[in-house]
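A.B. asks: Encoded as structure tokens, here's the structure I'll be asking about.
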């Protein structure tokens, strides 16, 4: 057994992650089939809902409430650059979006429409998907099943980021702006961070550039760089480090312990 991933071999980690991704895509396929059969939705919508997703392709996941400050469209900032990433014949990428907008949030609804229109565009080869009816069950499949968890809110507005914690615990590395929990959680080996620099005014261009550069120069090459046995060992190491670093540090146990030690004990006058 190869010990590069601790008591599990790298091949076991990879095969487990691949199986979970297949389960995610099978769940999405089942939902699309039901919509096609019951509602006779248009072929373009079938594609947009994820019918062409491929479990062999590097898969980014973005799933949360759609609202302006969370910037679900940051990765769409340069469409030609994004298209080259998604449709690269040797190292393609696909993105699964999911989420809902508050009924009174017009900007959030427009962001969903923007993503959905691009998902319908054949120029993107079916590699953008917007999955309907985002709920706890779908969220569970996503935080287990994608390869990389994408999070790029406008700093410093991210309060926490529990979906990223759930993904990290499940071996899905975060590709996240350094805001919210990721400032504490990122250790240079368990995922990728960007956006720490102070930018005056609109920082969309700078953050989009940093995101594209990380994908092009680090995330994509790492995922597709395979050893002779077909295993992306360096990428699996990031998976392993994600589980190792996030699991003990971001949990209900730690939360309760720190509330007791830092607040409740003092509030009750039990400190010396």
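The values are calculated or read from the model by the stated rules, or taken from the named source; none is laboratory data. Predicted model only: the values in this text are computed from it and were never measured. For neighbour counting, all protein chains shown are included, and Cβ atoms are generated from backbone atoms with ideal geometry for every residue, glycine included.
A.B. asks: Identify, please: which residue in the range 89-99 is touching a helix residue (DSSP H, G or I) at 6+ places or on another chain (Cβ under 8 Å) and surrounded by fewer than 17 Cβ atoms within 10 Å (Cβ to Cβ) and is, among those, nearest to residue 64 (Cα to Cα)?
C.D. replies: Checked the range 89-99; the qualifying residue nearest to residue 64 (Cα to Cα) is 91.
A.B. asks: Where in the range 219-272 are there helices (runs of 4 or more DSSP H), lying fully within it, with 1 or more residues that are touching a strand residue (DSSP E or B) at 6+ places or on another chain (Cβ under 9 Å) and modelled with pLDDT of 90 or more?
C.D. replies: 220-224, 233-249
A.B. asks: Would you pick out the residues in the range 21-54 that are on the phi < 0 side of the Ramachandran plot, without any contact (Cβ under 8 Å) to a residue 24 or more places away in the chain and not in a helix (DSSP H, G or I)?
C.D. replies: Scanning the range 21-54 gives 41, 42.
A.B. asks: Follow-up. Tell me which residues, restricted to the range 199-217, are more than 17 Å from the chain's Cα centre (by Cα) and either modelled with pLDDT of 95 or more or closer than 22 Å to residue 160 by Cβ (or both).
C.D. replies: Matches in the range 199-217: 203, 204, 205, 206, 209, 217.
A.B. asks: Could you please let me know if residue 210 is buried (at least 18 other Cβ atoms within 10 Å of the Cβ), closer than 21 Å to residue 72 by Cα and without any contact (Cβ under 8 Å) to a residue 60 or more places away in the chain?
C.D. replies: yes
A.B. asks: In the range 38-48, is there at least one residue being surrounded by 14 or more Cβ atoms within 10 Å (Cβ to Cβ) and under 26 Å from residue 173 (Cα atoms)?
C.D. replies: yes
A.B. asks: Next up: Which members of the range 55-72 meet the condition of being assigned to a strand (DSSP E or B) and closer than 19 Å to residue 136 by Cβ?
C.D. replies: Hits for the range 55-72 are 61, 62, 63.
A.B. asks: Out of the residues in the range 118-142 that are touching a residue at least 24 places away in the same chain (Cβ under 8 Å), over 17 Å from the mean Cα position of the chain (by Cα) and assigned to a loop (DSSP other than H, G, I, E, B), state the one that is nearest to residue 22 (Cα to Cα).
C.D. replies: Only one residue tops the list, namely 126.
A.B. asks: Quick check on the range 1-19: of everything there that is surrounded by 17 or more Cβ atoms within 10 Å (Cβ to Cβ) and closer than 24 Å to residue 127 by Cα, which residue is modelled with the highest pLDDT?
C.D. replies: Across the range 1-19, the extreme among qualifying residues is 17.
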